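Accompanying notes for the structure given below.
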Amino acid sequence: MTDTVLPLSRSVTRVLETLMGLGTLSVGVVFLRIVHASPPPYGDPGDIGSAAFFPGLIALLVSALGVVLVLMAWRPHLPRSIATGQTSRALLAYALMVAVAAGLPWLGIWLAVMLAVPLLAVLFGERRWGVLLILAVVPPVLVIHLFEGVMGIYFPRGVLL
Amino acid sequence: MLASPWTFLALSAGLAAGILIGALPGLTATMAVVVLAPFTFFMEAAIGIPFLLGIYKGAIYGGSIPAILVNTPGTAAAAATARDGYALTLQGSSRKALELSLFSSVVADLLSTMVLIVVAIPLASIAIRFGSPEFALLYLIALTMIATVSGDNVAKGLTAAGLGLLVACIGLDPMSGYQRFTFGSTDLLGGVSLIPLLIGMFALSEILMQLTHPPERRDGTGEVVHGGERLRWAEFWALRLTILRSTSLGTFIGSLPGLGAEIACWIAYGLARGRSREPERFGKGSFEGLAAAESGNNAVVPAALIPMTVFGIPGDTITAVLIGALMAQGMMPGPLLIQQNPGFLFGLFLVLLVTNVLLLVFGLFAIRWLKQVTRIPPAVLYPCVLLLCLCGAYAVNSSTFDLLILAFGGGLGYLMRRTGFPIAPLIIGLLLGPGFESALRQSLVFSNGSLAIFWSRPGSLVLLSLLALVIVVMAWQGLKSKGAASRLPRSRRMKSHNAKGGDS
Amino acid sequence: MTRNVLSLTLLSASLAAASLSTAGTALAAESHLPDEPIRFVTPYPAGGSHSLHASIITAVGEEFLGRPLISVIRGGGGGAVAAAEVAGSKPDGTMLLFGDPTINSLRPQVEDLPYAMEDFVPVARINYSPAIFVTTPDQPFQTIGELVEYAGDNPDDLVYSSDNRNGWTYTVFEMLKSTADVEMRGVELGGGGPAVTQLLGGNTMAYAGAPSVVGEHLEAGTLTGLCVTDIERYDAYPEIPTCQEEGYDVVFQFWRGVMAPAGTPDEVVAELSDGFERMIQDEGFLRLISQIGSGIQFQGHEEFAEALATEQAALREAYLGE
């Protein structure tokens with residue numbers, strides 16, 4: 001498979017870079033709007049000693065950089081196109097991470113990690129049942145006991161475990 | 001104090017435990033010392049205190065191990081280490097990287113301990129004159145290092161830094177009491193937790209990158225080198241000036257109460273790049289970069305004990321906890337300890353020196369096994385990394401909200417790496433933003449609103465000139481390297497970017 | 001890797017075994033507490049006197065409460081994050097807040113925080129410290145009277161080290177400013193450590209802090225005590241007058257106490273209060289507390305509730321009644 005090092009086409013790269021620029025711009029604008037809301041919630045943004053000056057300055061900088069990024073995406077010579085890869089697998093793994101992070105308080109530590117560890121292994125291409133079973137049991141038992149036993153961390157318990 | 005074999009044993013046990021704890025992402029040196037300090041309340045001072053010092057040192061060093069092996073800094077101070085350390089691992093030189101990091105750490109630690117023993121008192125009396133204006137300028141100097149880690153696209157680097165600085169603004173502002181950008185969330189009142197975000201941006205995004213570009217396919221040969229060669233003496237000797245420079249810098253920053261290893265490693269890294277003959281290798285597996293980052297952050301450890309032993313002032317959170325442990329033993333560190341119990345203090349210094357030798361022994365032993373980590377198939381290694389990240393991120397604050405921050409960091413880190421945004425500037429902004437802002441605003445309260453405070457004090461004038469110098473040198477080198485970079489064939493730049501994904 | 005993990009487990013097992021002290025003289029069938037560990041939440045970052053006290057309490061507490069105590073250090077928002085979390089937790093005695101006057105009496109009244117004073121029920125007060133106003137020997141004022149006079153002659157010229165807005169030091173200086181009717185400028189430095197550092201370094205001129213923070217410098221002579229914010233002189237430094245003696249009505253006792261979320265059953269609160277009362281009579285506990293330069297001024301849940309209500313009313317009057 002050589003497609004992993006192939007760059008995306010120039011137009012797709014442009015669109016992606018533009019989107020990143022717009023994303024940056026919107027973050028900057030959201031923060032700017034909060035700082036400059038009326039009445040100013042954190043004091044006068046123009047006063048260098050106030051709580052609003054520094055965030056206001058940074059938000060302005062970020063917004064400006066967002067514009068610069070959008071403009072740069074449409075330069076005649078893009079220096080580098082974004083490399084392609086198996087993005088769908090990574091997105092699946094990311095969905096798994098988000099689900100585990102969000103679901104851990106309800107699932108409890110045991111269930112959450114015993115599902116997450118073998119599932120990620122499956123995404124990495126592991127298909128042997130024995131290995132997956134060992135992965136589901138051994139690392140969680142060791143790590144959770146280490147954290148709870150030595151470090152005195154008390155993990156949330158869920159509905160089942 | 002070292003006469004008892006128990007002291008020695010406690011020190012060794014602490015050091016081993018410290019290295020392991022530091023190597024686990026999320027379990028920081030601070031946490032290790034905080035959690036284990038109560039155990040020492042019931043031990044003799046000659047056993048309990050060496051145990052804690054061992055943990056402290058071990059954990060700071062241990063943070064570099066996962067940074068090098070799996071691009072996951074175990075502690076915030078190891079974030080700079082991950083850049084070149086992981087790049088070296090990808091090139092099949094993990095053993096060299098681990099050994100270099102160990103040797104730089106030990107040398108820096110040793111030199112810094114000497115400074116502590118010999119010139120603690122004069123150095124501390126200079127350090128204590130440093131007020132908020134000087135701190136603000138030091139932070140500013142550290143922030144200029146963003147330019148050195150931005151890679152070839154300065155706009156993207158600055159954007160990353162700006163986002164980091166914005167995120168750092170979230171939370172309750174201690175000076176004004178305003179709840180800034182909390183969007184009504186209670187959990188954001190304390191700000192975005194740094195360690196979970198850091199682990200997410202480095203470790204989770206690394207897992208996702210591994211899935212996107214599986215290593216076998218990327219190399220094409222299928223034969224991956226494991227561990228690689230040992231570090232040669234000549235290679236290490238060539239770095240002596242870099243290490244010496246970073247060590248002096250780390251020692252100085254460590255002796256300032258309130259500044260820690262997180263800031264020292266980046267200034268040391270930027271300084272080394274500025275002085276390097278091959279700055280273009282930084283971020284792509286430079287020995288100099290790795291040595292500078294590691295000696296910079298390890299030199300801070302003994303130096304942070306300077307304000308503690310001389311004034312009884314904690315240099316950082318860890319030393320604050322150490323002071324607590326010492327107090328529980330009936331010994332209050334500070335001016336009185338030197339007069340009333342000099343024997344204990346010298347015992348303490350001796351323990352610090354012995355810890356260094358032990359760290360070398362333990363480290364070399366650990367590297368024999370650690371270099372095998374690259375042998376573990378990704379399908380086993382990365383799920384385990386995920387497990388450690390989840391547990392570590394939760395453990396920092398015992399907060400389930402931090403797990404969401406972890407996941408957010410992972411997504412953001414992945415997005416940035418795929419689209420060529422460097423991660424390091426964001427981390428620098430996040431680490432240094434709050435310190436810079438509060439130092440700046442405190443200075444203005446001192447001066448009653450006048451900016452003249454930044455050049456009217458002798459210390460701040462020196463630092464201001466230094467800042468100007470740094471900016472001029474950087475601009476000069478930026479112009480120079482731009483010329484050099486354009487001479488590189490385009491295909492080579494492409495390849496180096498894709499193959500050595502550690503440029504983050 | 002596996003080898004490392006193996007040695008880790010061995011380590012963890014041995015340390016865990018060491019940590020399990022002889023449990024349960026008080027553990028009896030009639031306990032009203034759920035059978036799980038109690039999370040003892042310190043609302044400030046590690047390294048302060050709060051977390052030091054908490055680490056001692058959690059290290060010895062199991063024997064007296066019949067449940068393992070887990071120390072949870074949850075800094076952020078000047079204590080508001082931890083307070084909000086405990087306030088929203090299940091009120092069954094398994095999550096307790098190590099509170100203080102700023103978190104439980106002052107800030108909920110003057111700031112818009114995600115919890116209210118009424119979200120907590122007091123369990124037990126462990127102790128309190130007064131603040132000691134201090135300065136360095138090279139300042140032009142060496143008594144509290146001279147300080148006020150200096151501030152009166154040079155309005156807004158006197159810079160002092162403060163902690164956080166509505167923090168402890170912040171509050172006592174506000175009290176002094178309003179009783180003496182002078183203007184001074186506070187620099188919020190975020191904690192006792194940096195505050196003392198800036199004072200010793202000559203960047204600020206005064207500070208007020210806990211005896212555990214300033215005590216050693218008083219003994220070494222690098223700081224001068226001006227007055228104590230208590231109704232009587234502090235045992236360890238009897239030569240420092242109280243602020244009231246000097247004519248300034250600044251009394252602020254910074255207590256450290258255990259708070260439970262509102263709605264915790266009365267019998268659970270009583271059981272916990274009794275447990276802490278047994279703990280503060282323990283010799284080992286007292287030895288550790290005295291070694292960190294602290295003492296015990298215990299109040300059970302009923303007595304503490306009364307004192308707390310009085311304090312909250314007084315602060316409401318002082319801050320909002322103006």
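Quick notes on this one:
- Considering residues of the stretch C:70-88 that are part of a helix (DSSP H, G or I) and among the small types (Gly, Ala, Ser) only, the residue surrounded by the fewest Cβ atoms within 10 Å (Cβ to Cβ): C:Ala84
- Selection status of A:Thr87, in contact with a Ser or Thr (Cβ under 8 Å, 6 or more places away or on another chain), within 7 Å of chain B (Cβ to nearest Cβ) and surrounded by fewer than 17 Cβ atoms within 10 Å (Cβ to Cβ): yes
- Any hit, the stretch B:281-294, residues being surrounded by fewer than 22 Cβ atoms within 10 Å (Cβ to Cβ) and either within 14 Å of chain C (Cβ to nearest Cβ) or without any contact (Cβ under 8 Å) to a residue 40 or more places away in the chain (or both): yes
- Single residue of C:Pro130, C:Pro155 found to be touching a residue at least 12 places away in the same chain (Cβ under 8 Å) and out of contact with any strand residue (DSSP E or B) (no Cβ under 8 Å at 6 or more places or on another chain): C:Pro155
- Number of the exception - B:Met332 against (1) among the aliphatic types (A, V, I, L, M); (2) more than 9 Å from chain C (Cβ to nearest Cβ); (3) not in a helix (DSSP H, G or I): (2)
- Scope the stretch A:130-154; condition of a type in the set (A, V, I, L, M, F, W, C) and more than 10 Å from chain C (Cβ to nearest Cβ); matching residues: A:Val131, A:Leu132, A:Leu133, A:Ile134, A:Leu135, A:Ala136, A:Val137, A:Ile144
- Matching residues, the stretch A:105-155, being surrounded by fewer than 16 Cβ atoms within 10 Å (Cβ to Cβ) and closer than 28 Å to B:Ala32 by Cβ: A:Val137, A:Val138, A:Val141, A:His145
- Of the helices (runs of 4 or more DSSP H) lying entirely inside the stretch B:199-267, those carrying at least 2 residues that are more than 12 Å from chain A (Cβ to nearest Cβ) and at pLDDT 85 or above are B:233-237, B:240-255.
- All helices (runs of 4 or more DSSP H) inside the stretch B:53-157 with 1 or more residues being aromatic (Phe, Trp, Tyr) and in contact (Cβ under 8 Å) with a residue 24 or more places away in the chain: B:79-90, B:94-127, B:132-144
- Residues (hydrophobic (A, V, I, L, M, F, W, C), surrounded by 15 or more Cβ atoms within 10 Å (Cβ to Cβ) and in a helix (DSSP H, G or I)) located in the stretch C:287-317: C:Leu288, C:Ile289, C:Phe304, C:Ala305, C:Ala307, C:Leu308, C:Leu315
- Test: residue in the stretch A:37-56 that is in contact with a Pro (Cβ under 7 Å, 6 or more places away or on another chain) and of a type in the set (A, V, I, L, M, F, W, C): yes
- All of (1) within 9 Å of chain B (Cβ to nearest Cβ); (2) crowded, with 24+ Cβ neighbours inside 10 Å; (3) of a type outside the set (Ser, Thr, Tyr) hold for C:Ala208 with one exception: (1).
- The condition (being over 30 Å from B:Val321 (Cβ atoms), touching a residue at least 24 places away in the same chain (Cβ under 8 Å), part of a loop (DSSP other than H, G, I, E, B) and of a type in the set (Val, Ile, Thr)) is satisfied by just one residue among C:Thr264, C:Thr222, C:Thr204: C:Thr264.
- Where helices (runs of 4 or more DSSP H) sit wholly within the stretch A:36-140, those with at least 2 residues that are in contact (Cβ under 8 Å) with a residue 24 or more places away in the chain, within 23 Å of the chain's Cα centre (by Cα) and closer than 21 Å to B:Phe421 by Cβ occupy A:53-73.
- Taking the criterion of being within 23 Å of B:Ala325 (Cβ to Cβ), facing chain B (nearest Cβ under 7 Å) and touching a helix residue (DSSP H, G or I) at 6+ places or on another chain (Cβ under 7 Å), the residues of the stretch C:59-84 that qualify are C:Ala59, C:Ile73, C:Arg74, C:Gly75.
The values are calculated or read from the model by the stated rules, or taken from the named source; none is laboratory data. These numbers were taken from a predicted model, which means no experiment stands behind them. Virtual Cβ from ideal backbone geometry, glycine too; neighbours counted across all protein chains shown.
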